[in-house]
Amino acid sequence: MLERNRSFRFYQPELGHDLPHDPFKAIIAPRPIGWISTVDEHGRQNLAPYSYFNAVSTRPPAVMFSSEGTKDSVRNAMSTREFVCNLATAALAEAMNQSSASVAREVNEFELAKLATAPCRLVRPPRVAASPAALECKVLDVLQLRDLDGQPTDRHVVLGQVVGIHIDESCLENGRFMTAKAVPLARCGYNDYASVTSVFSMLRPDEVL
Ligand SMILES: Cc1cc2nc3c(=O)[nH]c(=O)nc-3n(C[C@H](O)[C@H](O)[C@H](O)COP(=O)(O)O)c2cc1C
């Protein structure tokens, strides 16, 4: 049904907009935050949040994150072919934010954000010990984004297969991971964040109880 009296603003990103701030990321919100830990070829640790992050497949379980610029995380993932996605939670918001500081390659953001590490089982990067879930990943592919003119951009999408999953037992209830108990943090637009504190359930049309 068409609603009356609604007016829409339209703009073409290529030509710009007349808003004080770019609304793009506020529209695609909330975005999960992949808090990516990696090591470089010398074993030096790195940690940074990426909200251009998501799951892309269940079988095989696969995730992606995208780097705007050739940042340390993508560099490390390309050279060592491994990364870990730690679940960023409301309780870890400050530390997550600190780990996003633009610092020299050799700076360990685990130390910068005063975060303890815990070892992974199948990959070299450590996980964030305080995070209630972490995905150990091996790199499947790194795609360099091209624009509509076919021009390569300095945007790099890292695809990884999840080979190991850590779950804090306290987030499990009746064998289910209780998302609202973990209180994941999500990125909205501008400097805004959201956190998941409640969920509701719906069955798909072809599902029965
Ligand atoms: C919540 C949040 C989400 C972010 N998401 C991205 C992202 O998706 N892609 C990106 O390139 N930078 C993103 N950034 C910025 C990076 O975290 C930042 O540039 C960081 O220094 C990169 O670290 P690295 O060079 O160690 O990889 C984000 C920052 C914050 C705080």
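Determine whether region 127-134 contains at least one residue that is within 12 Å of the ligand (Cβ to nearest atom) and of a type outside the set (S, T, N, Q).
No: region 127-134 contains no residue that is within 12 Å of the ligand (Cβ to nearest atom) and of a type outside the set (S, T, N, Q).
In region 36-74, what residues are more than 16 Å from Ala134 (Cβ to Cβ) and among the hydrophobic types (A, V, I, L, M, F, W, C)? Within region 36-74, Val56, Met64, Val74 qualify. Yes or no: Asp40 modelled with pLDDT of 95 or more, near the ligand (Cβ under 8 Å from one of its atoms) and over 20 Å from Ala186 (Cα atoms)? When the stated conditions are applied, Asp40 does not pass them. For region 163-209, the tally of residues that are surrounded by 10 or more Cβ atoms within 10 Å (Cβ to Cβ) and in a helix (DSSP H, G or I) stands at 6.
When restricted to residues that are surrounded by 21 or more Cβ atoms within 10 Å (Cβ to Cβ) and within 11 Å of the ligand (Cβ to nearest atom), region 73-94 contains 6.
Conditions (1) of a type in the set (Ser, Thr, Tyr); (2) part of a helix (DSSP H, G or I), marked per residue:
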position	(1), (2)
Ala48	no, no
Val56	no, no
Thr70	yes, no
Ser79	yes, yes
Ser100	yes, no
Phe110	no, yes
Lys138	no, no
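The residue of region 19-44 that is surrounded by the fewest Cβ atoms within 10 Å (Cβ to Cβ), among those that are of a type outside the set (Lys, Arg) and part of a strand (DSSP E or B), is Pro32. Given the condition away from the ligand (no atom under 12 Å from the Cβ), farther than 20 Å from Pro126 by Cα and modelled with pLDDT of 95 or more, answer yes or no: does some residue in region 26-34 qualify? The answer is yes; a qualifying residue exists. Checked against (1) out of contact with any helix residue (DSSP H, G or I) (no Cβ under 9 Å at 6 or more places or on another chain); (2) of a type outside the set (D, E, K, R); (3) within 26 Å of Lys181 (Cα to Cα); (4) near the ligand (Cβ under 10 Å from one of its atoms), Phe65 passes all but a single condition, namely (1). Could you count how many residues in region 45-62 are more than 15 Å from the ligand (Cβ to nearest atom) and touching a Gly at 6+ places or on another chain (Cβ under 8 Å)? Residues meeting the conditions: 1. Of all residues in region 140-153, those satisfying the criterion of being farther than 12 Å from Phe65 by Cα and either part of a loop (DSSP other than H, G, I, E, B) or among the acidic types (Asp, Glu) (or both) are Asp147, Leu148, Asp149, Gly150, Gln151.
Of the residues making up region 50-72, those that are crowded, with 24+ Cβ neighbours inside 10 Å and in contact (Cβ under 8 Å) with a residue 60 or more places away in the chain number 1.
Go through region 98-119 residue by residue and tally those that are more than 20 Å from His42 (Cα to Cα), more than 11 Å from the ligand (Cβ to nearest atom) and surrounded by 11 or more Cβ atoms within 10 Å (Cβ to Cβ). Summing the residues that are more than 20 Å from His42 (Cα to Cα), more than 11 Å from the ligand (Cβ to nearest atom) and surrounded by 11 or more Cβ atoms within 10 Å (Cβ to Cβ) in region 98-119 gives 2.
The values are calculated or read from the model by the stated rules, or taken from the named source; none is laboratory data. All values derive from a computational prediction rather than experimental measurement. FYI the Cβ positions are ideal-geometry reconstructions off the backbone, even for glycines, and counts take in every protein chain you see.
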